[in-house]
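Step one of this worksheet: look at the structure below.
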Amino acid sequence: MNAINPATGQLLREYPEHDATEVERRLALALRAFAAWRRTGFAERAERLRAAAAVLRRDRDALARLMTEEMGKPIAQAEAEVEKCAVACEHFAEHGPGDLAPQEIATDASKSLVRFDPLGLVLAVMPWNFPLWQVFRAAVPALMAGNVVVLKHASNVPGCALAAERVFAVAGFPDGAFSTLLIDAARAEALVDHEAIRAITLTGSEAAGMKLAARAGAALKKCVLELGGSDPFLVLADAEVERVAAEAVAARLINNGESCIAAKRFIVEEPLAERFEWLFGQRMARLRVGDPMDRATELGPLARADLADALDRQVRESVARGARVVTGGARPARPGSYYAPTVLAHVTPGMPVFDEETFGPVAAVIRARDRAHALELANQSRYGLGASIWTGDADAALALAADLDAGSVFVNGAVRSDPRLPFGGVKRSGYGRELSAFGLREFVNVKTVWVR
């Protein structure tokens, strides 16, 4: 496996894949670790997670640099990602014991209760866009619940995959409690059938999720999927358009725009549309594009050259169907996998930037006749991950939130993941939840115990 710097196109490092013998060795080690880890008390599990948080903070600079080198996120965002992983470790260390404690339920028995017992070995198939956060978001709750985890990471961030393994090892987790498998996607899919694997969690594309879920279903194994998103950003007629335009830039460009929950479809009521399009375009055009290691850079490269090509195809086809370029709209003439910050106006259903997920710094602005039309446009998507509503009437937005087809709705704030809140989607954005008590209990046996 090769790690290539997307800002330069240069090879960083080569990593040999694990052969079948090494994969079996690591799975056997994980099963041995589970036999002991499942009997470890909550206090000890929490202590290991706190130690992991300390390791993350101690090694923050090196971990952040590694992420930026391998997939191009601006260095300040990479540092923030490491901190977010540490916060998640501390959150589940603090709240996990209570959320997993047996719950007594009054029945006609002398005693009846519900236990939350671990399932076993969880296969985590993770993407490159948040190379550490996605891993820790999945692994930390699973480990707190007493499971063990094997990671199949995206092939373009092998260094990050091995770095995550080192964090858990240095934090004192048992050998094999968390391990990385350097294998390709086809081998990971086949691994679902392995008798050692008891459950699967995947964050990735819709196509990858469909393949893995079909395999997991045939094997009758629990599966959680967090897939794509085409998040609507609803700007209602009573919103403060200058402030919301600034928020729109940040909501679209987190992680260079390569985020499943980044705002992608900006649905604006007619009275504000023209002003919003102009302000949004002006702010996007002023962004500083450059070396992601430079702290002054606001937008770095996309993670791979093929991703920039795919985004350019979506833009060109949408323009051919009537979209208007407000700013950007092309790859800049420079080395690396860059794409210019782009705003497209007059976008309508049927255009790729409306119908498909756009993974990069391209924003589609859609005009809505009124609030009901805005809701209709927002739900006119096969995805249902996140949505945000921008308005001066928060109470009215709460009512609107009930009708949005999304796993998360944020009012006057950008969609984000938070360890305290459940995270996941509906429709083609997947199923199941990560984070919070809901995510913590995804990979457990909810066991009824009844005593006369």
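Just so it is clear, none of the values below were taken in a lab; they were calculated from the coordinates. This structure is a prediction, so every number in the text was calculated from the model and none was measured. Cβ placement follows ideal geometry from the backbone for every residue including glycine, while neighbour counts extend to all protein chains displayed.
Some points to look at:
- Greater than 24 Å apart at Cα, pairs in Lys84/Lys222; Lys73/Lys211; Lys152/Lys211; Lys84/Lys152; Lys222/Lys427: Lys84/Lys222; Lys73/Lys211
- Ranked list, fewest to most other Cβ atoms within 10 Å of each Cβ, for Ser436, Ser388, Ser381: Ser436, Ser381, Ser388
- Expressed as a fraction of 2.2 N^0.38 Å, the value expected for a compact globular protein of N residues, the C-alpha radius of gyration of the chain is 1.00.
- Counted residue by residue at 0.36 nm each, then reduced by the alpha carbon distance between them, the extension gain from Glu14 to Glu83 reaches 22.1 nm.
- Percentage relative contact order, the stretch 231-418, counting C-alpha pairs under 8 Å, at least six apart: 28
- Kyte-Doolittle at least -0.5, axis length at least 15 Å by Cα - qualifying DSSP helices, the chain: 20-37, 42-58, 60-71, 75-100, 133-144, 158-170, 206-218, 241-253, 270-285, 305-320
- Cα centroid separation, the stretch 412-436 to the stretch 155-231 (Å): 19
- Each pair of Cα atoms in the stretch 14-55 enters the Kirkwood radius, and Stokes-Einstein at 37 °C and 0.692 mPa s then converts it into a translational diffusion coefficient of 263 µm²/s.
- Hydrodynamic estimate: the Kirkwood radius of the stretch 1-103 over Cα pairs, inserted into Stokes-Einstein at 10 °C and 1.306 mPa s, corresponds to D of 96 µm²/s.
- For the stretch 259-282 and the stretch 86-124, distance of Cα centres in Å: 43
- Counting every C-alpha pair in the stretch 231-418, the share spaced more than 26 angstrom apart comes to 24%.
- With neighbours defined as other Cβ atoms within 10 Å of a residue's Cβ, the residues Lys221, Lys152, Lys73 order from fewest to most as Lys221, Lys152, Lys73.
- Formal net charge of residues neighbouring Ala399 (Cβ-Cβ distance under 12 Å; K, R +1; D, E -1): -2
- Point-charge dipole on Cβ atoms (K/R +1, D/E -1) for the chain, about Cα centre, debye to 20: 700
- With contributions of -39500 (n - 2.57) from each DSSP H run of at least four residues, the per-residue ellipticity at 222 nm computed over the chain stands at -13000 deg cm²/dmol.
- Within-12-Å neighbourhood charge of Ala88 [Cβ basis; K, R +1; D, E -1]: -2
- As a length-normalised measure over Cα pairs under 8 Å and 6 or more apart, the relative contact order of the chain settles at 19 percent.
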